[in-house]
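Single-structure report; data block below.
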Amino acid sequence: MAAVIARRVSGLLRPLSVSLCAKTQQFCNTSNLIQHPPLYNAIAGAACAPLRASVHQTPRYNILQRVSVLIPSLTHQPSRSLTYYSVKKGKRKSVKAVTERFKRLYCGLWIRRKAGYKKKLWKKKPARRRRLREHVFCNKTQCKLLDKMTTSFWKRRNWYVDDPYLNYHNRVNLKP
């Protein structure tokens, strides 16, 4: 356990030492503006020369770039663009993309078209085009997420004339 932590910490500190060298180089550059005795200039130039060479060989990273390798969820956060409180009435709003792409059945399941059902159909075989026209059910996790992204308006039961999904609205032996 301690060895794992030591390896991770050393991975974090190694780029830090490079950034310290970079700051030392900047310090050396600013120290050249100040007048020093000739002996001190020779010593400072000799000390800064190896540091300049090492800085140009290794890239400099900021702290977020070093840590994001260890924790990738820091840089890429999922976004649902869900409005909890609207500006006008202070009400929760539905995500338009969900209401356009998915359909909620009364039993709580959501259905959707398969991905790519209208893309580059000219190069897909007829069997594949037929499979892409089918609707598929979303799984339990996706259904919960879609329920959170919509308001109660989209969850109520609607009665349509000649509803093609009438047989699918009520499911038997379905566990919530």
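The values are calculated or read from the model by the stated rules, or taken from the named source; none is laboratory data. Just so you know, these numbers come straight off a predicted model, no measurement behind them. With ligands, DNA and RNA removed, areas are computed over all heavy atoms of the protein, side chains included. Shrake-Rupley method; radii C 1.70, N 1.55, O 1.52, S 1.80 Å.
Picking from residues in segment 65-117 that are under 20 Å from the mean Cα position of the chain (by Cα) and at pLDDT 90 or above, the one that is most open to solvent (accessible area, probe 1.4 Å) is Ala97. Filtering segment 103-132 to residues that are under 26 Å from Tyr160 (Cα atoms), basic (Lys, Arg) and assigned to a loop (DSSP other than H, G, I, E, B) leaves only Lys114.
The rows are residues; the columns are (1) at pLDDT 95 or above; (2) farther than 11 Å from Leu109 by Cα; (3) not polar (S, T, N, Q).
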site	(1), (2), (3)
Lys123	yes, yes, yes
Glu134	no, yes, yes
Cys143	yes, no, yes
Arg157	no, yes, yes
His169	no, no, yes
Asn173	no, yes, no
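The set of residues from segment 118-151 being among the polar types (S, T, N, Q) and open to solvent by less than 90 Å² (accessible area, probe 1.4 Å) comprises Asn139, Gln142, Thr150, Thr151.
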